[in-house]
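A.B. asks: Before anything else, here's the structure in question.
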Amino acid sequence: NFIDIFYTSFFHTMCMPRDRTDDIPGYRAGTPMIDDHYAAWDTWRTVYPLYVLIKPEFVAKTITSFSARLQLNGYARDSFVGGGEMYMEQGGADVDNIIADAYVKGVPGIDWEKAYQVMKNHADNYRLGWYVDEKPLPNPSAPYYQYGYIPDDCKIPGTDFGAMSCSYTLEQAYNDFCTATLARDLGTQRDYETYLGRSGNWRNLWNPDAVCGEFKGFINPRNADGSWVNYDPAKLCGSWVPHFYEATGYNYTFFVPHCVPELIEKCGGEESFIRRLIYGMEQNLVDYGNEPAFLAAYLAAHTAQPWVVTDMVQAVRHKFTLEGPPGNDDSGAMGSWYIFSSVGFFDQSPL
């Protein structure tokens, strides 16, 4: 069964995105064009880190196509299907994460100056959150820039509420960290300090008094006046809804990939953090049927009890059966997680 699941997972990682060079109007002949990103919100976490290892030339083509899309369209959105930018965002500007991952691993064949401009454009103009299917306009004074978080009572374009205010903020803070990673070498000192500073915006949503079960301290939606929104961290949120995207607040509280030691301390130290992880996995509050959970089982590696990772990863691997993965494979994202977890390591770059 393992061989069947492993190689089926491997096959799924190869289905999309696709190389459509010279098949999309508007781009100069020979410009690499990688299409059918459904979306980078799924693939940056596991698919592209796998590609860095097994087909880095495809990663280089992808990032070159991001640069070409910036020149033609003004940005490179997370979803790019049939040669068209999809305007709605599930999370942040996660093409930035693909670029940063390739940069720290030294993938060859990429014009890094141009790639950095893709990220800088997003960082300076498009930390918006965007729900509506209309072309987004650059807005350097959007709520994320004003408050250091997206307030729950500020209308995301296309809604009457702060759609996914917390998950947008968390993902954009990580985007800022990824942008700072390149700005350190390719940008100005001011850019580097700005983006690195903003990567700490997750702290603005940390409510030390929020409670779920025996645990205290969670990411919490917040209004523009600084007041906390009363919510249940155990509640599963759906798509394009208030607070979080397709996960619980309990789950998203673990999404601070660039500040894990600080997160552990905020969660009450290592013992409390590990209990919180195990409880979340056992109670399905950290749901491996979707991408926001992907990193969680590996976070115990940052503690003095790294062996806890083995039990949690094995429990998740057993959810993959001949009937399929525990959720939508999402362009091979689930399959890539299974491949990494089966060979015995998990990629957490650009730490």
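A.B. asks: Want the number for L137 to F10: 0.36 nm per residue separation, take away the alpha-carbon distance, what's left?
C.D. replies: Using 0.36 nm per residue and subtracting the Cα-Cα distance, I get 41.9 nm.
A.B. asks: How much length is gained on full extension from F161 to T188, taking 0.36 nm per residue of separation minus their Cα-Cα distance? It would help to have the intermediate numbers written out before the result.
C.D. replies: On the way: separation 27, 0.36 × 27 = 9.72 nm, distance 3.58 nm.
Once the chain is fully extended between F161 and T188, it gains 6.1 nm.
A.B. asks: Please give the FRET efficiency for F2 paired with Y279, using the beta carbon to beta carbon distance and R0 = 22 Å, rounded to the nearest 0.05. Present the calculation step by step, with values, prior to reporting the outcome.
C.D. replies: Numbers: r = 28 Å, r/R0 = 1.28.
About 0.20, to the nearest 0.05.
A.B. asks: What is the spin-label model distance, in nm, from N328 to E271 if the labels are put 7 Å beyond Cα along the C-beta direction?
C.D. replies: So the label points at N328 and E271 sit 4.2 nm apart.
A.B. asks: If you don't mind, another one. Calculated FRET efficiency, A301 and K105, Cβ-Cβ r, R0 22 Å, to nearest 0.05?
C.D. replies: On the way: r = 19 Å, r/R0 = 0.86.
Working from the Cβ atoms, E equals 0.70.
A.B. asks: With no solvent and one equal point scatterer per Cα, compute the Debye intensity ratio I(q)/I(0) for the stretch 83-127 at 0.19, 0.21, 0.23, 0.32 Å⁻¹ and report its log10, rounded to two decimals.
C.D. replies: Result of the Debye calculation: -0.66, -0.78, -0.89, -1.20.
A.B. asks: Starting from the Cα of T321, step 7 Å along the direction of its Cβ; do the same at R203; then give the gap between the two resulting points in nm.
C.D. replies: Inter-label distance under the simple model: 4.6 nm.
A.B. asks: Using protein chains only and a probe of 1.4 angstrom, how many square angstrom of D232 are accessible, to the nearest 10?
C.D. replies: In the full protein context, D232 sits at about 80 Å².
A.B. asks: Further question: Going 7 Å from the Cα of V343 along its beta-carbon direction, which residues of the stretch 47-84 have the amide nitrogen within less than 18 Å of the resulting point?
C.D. replies: 47-60
A.B. asks: Would you be so kind as to identify which of G327, L277, V308 lies farthest towards the positive end of the dipole of the stretch 269-351, taking Lys and Arg as +1 and Asp and Glu as -1 on Cβ and the Cα centre as origin?
C.D. replies: It is V308, whose Cα lies furthest towards the positive end.
A.B. asks: Continuing with the same structure: Accessible area per residue of the stretch 36-82 at 1.4 Å probe, in Å²?
C.D. replies: 28 Å²
A.B. asks: Using the Kirkwood radius over C-alpha pairs as Rh, can you work out the diffusion coefficient of the stretch 166-284 via Stokes-Einstein at 10 °C, viscosity 1.306 mPa s, in µm² per second?
C.D. replies: Stokes-Einstein gives a translational diffusion coefficient of 105 µm²/s.
A.B. asks: Convert 10 °C to kelvin, take the viscosity as 1.306 mPa s, use the Kirkwood radius over C-alpha pairs of the stretch 1-99 as Rh, and evaluate the Stokes-Einstein diffusion coefficient in µm²/s, rounded to a whole number.
C.D. replies: Values: Rh = 14.0 Å.
This corresponds to a translational diffusion coefficient of 114 µm²/s.
A.B. asks: Taking loop as defined by DSSP and a crowding limit of 15 other beta carbons within 10 Å, which trypsin sites (Lys or Arg not before Pro) in the stretch 90-146 fit?
C.D. replies: Answer in residue order: K105.
A.B. asks: Turning to a different aspect of this structure: Applying 1/(1 + (r/R0)^6) with R0 = 30 Å to the Cβ-Cβ distance of D311 and K235, what FRET efficiency is obtained, to the nearest 0.05? Working shown, then result.
C.D. replies: Numbers: r = 27 Å, r/R0 = 0.89.
Between D311 and K235 the formula returns 0.65.
A.B. asks: In addition: Could you compute the longest span of the chain free of GluC sites (Glu not before Pro) located in DSSP loops and having at most 16 other Cβ atoms within 10 Å, not counting the site residues?
C.D. replies: Answer - 1-133.
A.B. asks: Taking a 21 Å limit on the Cα-Cα distance, which of the listed pairs K120/K155; K135/K155; K216/K319; K55/K319; K55/K105 fall beyond it?
C.D. replies: K120/K155; K216/K319; K55/K319
A.B. asks: Next up: What is the gain in length, in nm to one decimal, between N223 and A29 on full extension, counting 0.36 nm per residue of separation less the C-alpha to C-alpha distance?
C.D. replies: Taking 0.36 nm per residue and subtracting the Cα distance, the gain is 65.0 nm.
A.B. asks: A further question on this structure: Per residue, how much accessible area does the stretch 123-269 have with a 1.4 Å probe, in Å²?
C.D. replies: With the other protein chains kept in place, the stretch 123-269 gives 39 Å² per residue.
A.B. asks: With all pairs of different alpha carbon atoms counted, what Kirkwood hydrodynamic radius in Å does the stretch 66-222 show? Write down the numbers at each step before the final one.
C.D. replies: Values: mean 1/r = 0.0618 Å⁻¹.
Computed over Cα pairs of the stretch 66-222, the Kirkwood hydrodynamic radius comes out at 16.2 Å.
A.B. asks: Hull surface divided by four, with the convex hull built on the Cα atoms of the chain: how many nm²?
C.D. replies: Value for the chain: 16.6 nm².
A.B. asks: List the DSSP H helices in the chain whose Cα atoms stretch 27 Å or more along the helix axis and whose mean Kyte-Doolittle hydropathy is at least -1.0.
C.D. replies: Qualifying helices: 165-186.
A.B. asks: Which percent of the accessible area of the chain is formed by carbon and sulfur heavy atoms (probe 1.4 angstrom)?
C.D. replies: On the way: 7080 of 13920 Å².
The nonpolar share, carbon plus sulfur, comes to 51 percent.
The values are calculated or read from the model by the stated rules, or taken from the named source; none is laboratory data. Since the model is a prediction, treat every value here as computed from it, not as a measurement. With ideal geometry, Cβ positions are generated from the backbone for all residues, glycine too; neighbour counts draw on all protein chains shown. Side chains are part of the model used for accessible areas, which takes the heavy atoms of the whole protein and leaves out ligands, DNA and RNA. Shrake-Rupley method; radii C 1.70, N 1.55, O 1.52, S 1.80 Å.
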